[in-house]
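A.B. asks: One structure is given below, represented as C-alpha cells, and several questions about it will come after.
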Amino acid sequence: MGYHRAGFDVVGVDIKPQPGYPFPFHRAGAIGFLADAVDAYMPMNGYWGAIHASPPCQRFSTTAALHDEEYPDLITPLRPLLELAASEGVPCVIENVVGAPLENPVMLCGSSFGLGVRRHRLFECIGFDIGLVPPCAHYLQPEPIDVTGTGGRRINERTSATKGGNSRKPRNLTEAREAMGIDWMTRKELAEAIPPAYTEFIGNQLISQIR
C-alpha cells in the first residue's frame, strides 16, 4: 500500500493465498518467480519499475527460539537475483527485522511517522540511494502499542481498567489498525505486517530516481 501511495502500480507475489491483498496477485514462490522473470528478460514483463522483497523474518526474529519449526534463510539466495535485476536498471529493496543479515540497511520506526507502534524494520536498498532517514521519535509514544501475536489487552469489565496481561496490547482490532496505519487487515495479518508509511517513504525515494 505504501508503494501504491507513492505512485507505483503494485503487483504482489506470495506462495500462500492472500485473499485480503488489495492489488493484482500471483500465487508463486517469490524466488522461483523472480528467477524465471530475470532469466526470461529485463525489465521483467515490461512493468517492473522496482522490486520489493520481504522474506519471512522468523529465522532472524528475536523470538526465533520459540518457533517449533526451522525457518530457512531466504535472503542469501534472493540477493543475487536482486543484484542482477539492479544491474539491468531495476532498483530493489529487501525488508526484514533487526538482526537479519542485510547489507548497509536503513532502519525505520513507527514513531518517526506518528504511528502508535515502533516496529523497527531494516531496508537494504540495491541500485538506488536513500536520502535522509527520519530518526526514531520514541518520546512521542511513551507507551507504544504491541501488535505482535493476536491477543488483546485484558480489560476489567466493571472498571474499564487494564486487568493483567500485556497492557501494551491493543484493546481491539480498531486500535491495532490505527496503531499501524492500516484499516483493512485482520488481527493475524497485522501481527506480521509493516506500516505502509515505511514503504511509502521508500517508494517516494525510489520513484524520484526512476522518473
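Every number here is computed from the coordinates shown, using simple stated rules; none is lab data. Keep in mind the model is a prediction, meaning the values are calculated, not measured. Every residue, glycine among them, receives a Cβ derived from its backbone with ideal geometry; neighbour counts consider all protein chains shown.
A.B. asks: Out of residues 5 or more away from A137 or on other chains, whose amide H comes under 5 Å of its own, with H placed 1.01 Å from N in the peptide plane?
C.D. replies: S111, S112
A.B. asks: Would you grab the residues whose amide H sits under 5 Å from the one on I51? Only those 5+ places off in sequence or on another chain, please, with H modelled 1.01 Å from N.
C.D. replies: C92, V93
A.B. asks: Highest mean first, what order results for 128-139, 6-17, 81-92 on Cβ atoms within 10 Å?
C.D. replies: Details: 128-139: 12.2, 6-17: 13.9, 81-92: 17.8.
Taking the mean over residues of other Cβ atoms within 10 Å, the ranking is 81-92, 6-17, 128-139.
A.B. asks: Please list the non-local residues whose amide H lies under 5 Å from the amide H of F25, H modeled 1.01 Å from N, same-chain partners needing a gap of 5 or more.
C.D. replies: Amide H to amide H, under 5 Å and 5 or more residues apart or across chains, F25 pairs with G12.
A.B. asks: Taking θ as phi - 60°, what are the ³J(HN,Hα) couplings along the range 170-186 by the Karplus curve (6.51, -1.76, 1.60), each to the nearest whole Hz, with x for Gly and Pro?
C.D. replies: x, 5, 7, 4, 4, 5, 5, 5, 4, 5, 8, x, 10, 10, 10, 8, 6
A.B. asks: If you rank H52, H4 by fewest surrounding Cβ atoms within 10 Å, what's the result?
C.D. replies: Working: H52 20, H4 15.
Exposure proxy ranking, most exposed first: H4, H52.
A.B. asks: Rounded to whole Hz and in sequence order, give me ³J(HN,Hα) for the range 8-14 from the Karplus expression 6.51 cos²θ - 1.76 cosθ + 1.60, θ = phi - 60°, writing x for Gly and Pro.
C.D. replies: Listing the rounded values in order: 8, 8, 9, 10, x, 9, 7 Hz.
A.B. asks: Which whole-Hz couplings ³J(HN,Hα) result when phi for each residue of the range 123-131 is put into the Karplus expression 6.51 cos²θ - 1.76 cosθ + 1.60, θ = phi - 60°, listed in order with x for Gly and Pro?
C.D. replies: Couplings: 10, 8, 10, 10, x, 7, 10, 9, x Hz.
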